[in-house]
């Protein structure tokens, strides 16, 4: 944990020295048009997600994995692009993904102990 | 901004600490205190929504006394409201970008649109809750009902708080009462808003779309 | 929230010689002037100074410690004789529930927060925490939450479902009084305090270290506090969910834990222990941090294996997330879950063992100085090891199945909590008292305090191992005479020993309280550096000035203060450490280079107002929702005032306007 923080620590400091101040990061943040493109992709994925509702019976076995993958795509697109995590200091990613990772781990184990995944 | 700069020159060598967090040099990591704490808070929120979603997953099939998820969900309606919330993330991003360009007019505009889209989503949720109630799913009808309303209700409250925050930012921006860096204030509200959207991305899939 | 914490740019006129021409007081919501005094009762009520808040945290926690202690003594009185009638069964249930709740949530956790608040900024060379107003809010939430929780004693009875509040005991059917409602809402309030405190301290550690201080140069106490804050950050939301579900069940008719309605009571157990096991480390790690400061100081050696101590602390925090179900081995989890959690639990013994070894090797070959603080620290090593070993026996599921819900468990967790956490906090009292108050706690009384507590703990909790293995169940209001065994297994005898022991602990604590008053009234001024200490908090005056450091120290090494005092000199017998400077000389040097402009955060009304709104809302949830509406209005008003409060108190807020004086300390931020 600390090693990671320490590492990014110095990386950020180097970065901020180079740019003079923290908003140096913002230089990498794309223009409005880029975000609009991302939003269009997100909208298409959402439409695909919704379409699974009308998929024929024969495809229903594929629906659940497909939905989970699409959910993950949307999740990480929003988090890394709209929330700038991709362009920002690694420390922010560390904070957020630690929480996310713990939540996924703990609650998967939790559901497992209830035999949730048995059927 | 100008007076911040003056302040920096004056105190960069002497000041170190909390109260100087608008001056990037003052923090050991070079990151803003506010943004760091917002990300920490969002990390913490993952565990909150994780608990609520898991509770729902555990109980979604337990509805002897009333309708179950398959009978009651109106996928087309929820898809529309999900889409609306998703688009509010786009308008939020545009607000943040405008704020970074110091374009106050467009910032206010996009923030207002974001708040309106959020309000539309909450309105959709109120409509959904009402119709579910009329179809026989009350808060105490079944474990499915209790856990469904608790999960989506918590999310709805988060959206509502977000709307209030957006409106307050618009209000105090127009009055020029924001203390500190405007762009960062907008960005912080934005982070919160996107997070609430991302939680809905998960709820929409796990609760509504995946058949139980 | 974060918007609010944005400091305003300091007007360029701050350092101008002339006072501002137009003097308009900044008013809080147009009604009050900003509180700016630094002495008197107002300075405490509205303070945002981390040191004042630390002292208040400490004083209030100590009060709750005495409350929880009296509850414990009543429990032991009830169990001192067979078929005893000191307490009724109902009162007994309330007593053990509130004893545990008080000790965990209202004593150990906030007392650790007291030390963290006071010493963390000092140890990293900062002038305050990152968000001073949020810090104040945390304290007031803790105080009001604790009082709210305890007000249940006067309003129909306290919570009586045991501190982990299992279903169905937590349901309205089995606990019809409002006690559990108070418990749930009170813990929500103190939970918010913990969460915002965690945010604040993590940001403080990461962002406000003195120039030059790398993460691996931070004192171990700061490190352990940092790990604890991460645990709090991620554990509090889980208990928040559980508490919300329980209050929806009790107040709004949901059935989350009602087996009759098809619910699964294990849901509560999982949520509680997903929070509850990290909570165990939240309780113990601050104490580990404290003794990692105390042992090297009094062994006059650097801490053995600093990196191992730090990393094993982080490892304990991390692995602590994967072991919660060992609290539930007897609940029918299924063999796979039990096996996995059993192994994971045993793994925790490794980093813990690493720490014990490091502490022992710190003592090895040192010139030991047996002050009271040192005795308490060594007491922690001894007692925690005993508790840790019995803990490993609980990790073994078949053995645990025998011991579940017996006094053996009670023996185990009291050894680690009283022997580990509480003794560690006492080490902290004796070690840091001269820093906080400029006076040393009396060492003679201190020795009495230590030995009474040390023997008391063993006398009280040692026999419980035997009682538990003999099958005395935990939480039984009486034990009948006819079931007592013979000879070594005489339940009567061991219960009486345990009860006597609890009063011995009580006497030890009483001596501590007497010591506080004696020190306050009679003790002479302490030397600046009474222990020949090592870390940054000792580089400044005792007690520290309001702004902590005249000059922010630049850090070059772990144990910076020690390295400023001592230098290695080559002699005929090889290199030796020679004292080159006294603490007084170092302080004088720092003072002569004092910073010209020191900005301290301004006091604020809003933290206490905002905190006061929450118990009002909570009473409303129990009695009448209209009251909640009123509380919410107060809350909104406070948030609004907080938002609009300028981070900089204007000159005109000072009385008389303080503009123009170059030595004034002007505030920024909130």
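With contacts taken as Cα pairs under 8 Å and at least 6 residues apart, the stretch C:457-511 reaches a relative contact order of 56 percent. Once the Cα atoms are used to define both axes, helix C:625-644 deviates from the longest principal axis of chain C by about 30 degrees. When Rg and the Kirkwood Rh are both derived from Cα coordinates, the Rg/Rh ratio for the stretch B:151-200 amounts to 1.05.
Mean partner shielding of peptide A:49-56, defined as the number of other chain Cβ atoms within 10 Å of each residue Cβ, is 4. Note on B:90-97: average number of Cβ atoms from other chains within 10 Å of each residue's Cβ is 6.
Shape summary: the stretch C:77-199 maps onto an equivalent ellipsoid whose semi-axes, from the alpha-carbon gyration tensor, are 34, 16, 10 Å in decreasing order.
Compactness check for the stretch C:259-392: Cα Rg over 2.2 N^0.38 Å is 1.28.
Counting Cβ atoms of other protein chains within 10 Å of each Cβ in C:270-278 and taking the mean gives 3. For the stretch C:532-595, the percent of C-alpha pairs falling in each 10 Å distance bin, counted from 0 to the bin holding the largest distance, reads 21, 49, 21, 7, 1.
Taking a quarter of the surface of the Cα convex hull of the stretch C:185-254 gives a mean projected area of 5.0 nm².
The order of the peptides A:45-51, B:46-52, C:208-214 by mean Cβ neighbours within 10 Å, most packed first, is B:46-52, C:208-214, A:45-51.
Shape analysis of the stretch C:458-545 places it in the prolate category; the axes a ≥ b ≥ c from the Cα gyration tensor give an a/c of at least 1.5, with a/b above b/c.
Per residue, the convex hull spanned by the Cα atoms of chain C measures out at 164 cubic angstrom. When the Cα gyration tensor is reduced to axis lengths a ≥ b ≥ c, the ratio a/c is 1.5 or higher for the stretch C:70-124, and with a/b above b/c it is classed as prolate. Angle of helix C:50-78 to the longest C-alpha principal axis of chain C, folded into 0 to 90 degrees and rounded to 10: 20°. When the helices in the protein assembly as shown are scored as -39500 (n - 2.57) per DSSP H run of 4 or longer and the sum is shared across all residues, what 222 nm value do you end up with, to the nearest 500 deg cm²/dmol? Rounded to the nearest 500, it is -21500 deg cm²/dmol. Rounded, prolate or oblate: which fits the stretch C:571-652, taking a ≥ b ≥ c as square roots of the Cα gyration tensor eigenvalues, rounded meaning a/c under 1.5, else prolate when a/b beats b/c? Judged from the Cα gyration tensor, the stretch C:571-652 comes out oblate (a/c at least 1.5, b/c at or above a/b). Each peptide in C:339-347, B:70-78, C:316-324, B:194-202 receives the mean, over its residues, of other Cβ atoms within 10 Å, and ordering these scores from highest gives B:194-202, C:316-324, C:339-347, B:70-78.
Calculated over the protein assembly as shown, the projected area of the Cα convex hull averaged across directions stands at 41.5 nm². Per residue, the average separation of C-alpha pairs within less than 8 Å and at least 6 apart gives chain C a relative contact order of 20 percent. Helix C:220-252: angle to the longest alpha-carbon principal axis of chain C, degrees 0 to 90, nearest 10? Between helix and principal axis, roughly 60 degrees. Rg/Rh for the stretch B:33-209 stands at 1.03; both radii use Cα atoms, and Rh follows the Kirkwood definition. Against the empirical 2.2 N^0.38 Å (N residues), the stretch C:441-503 has a Cα radius of gyration ratio of 1.37. The fraction of Cα-Cα pairs per 10 angstrom bin, counted from 0 for the stretch A:30-83, comes to 23, 45, 23, 9, 1 percent, rounded to whole percents. If you take the Cα centroid of the stretch C:505-579 and the Cα centroid of the stretch C:142-218, the two points sit 33 Å apart. Working note: Cα gyration tensor of the stretch C:518-627, eigenvalues times five, square-rooted, sorted largest first, giving semi-axes of 46, 18, 16 Å.
Taking all Cα pairs closer than 8 Å and separated by 6 or more residues, the relative contact order of the stretch B:33-209 comes to 34 percent.
Every read-out reported here was derived from the displayed coordinates using simple, explicitly stated rules and does not represent laboratory data. Remember, predicted model here, so these are calculated numbers, not experimental data. Here the Cβ is made from the backbone with ideal geometry for all residues, glycine too, and neighbour counts use every protein chain on show.
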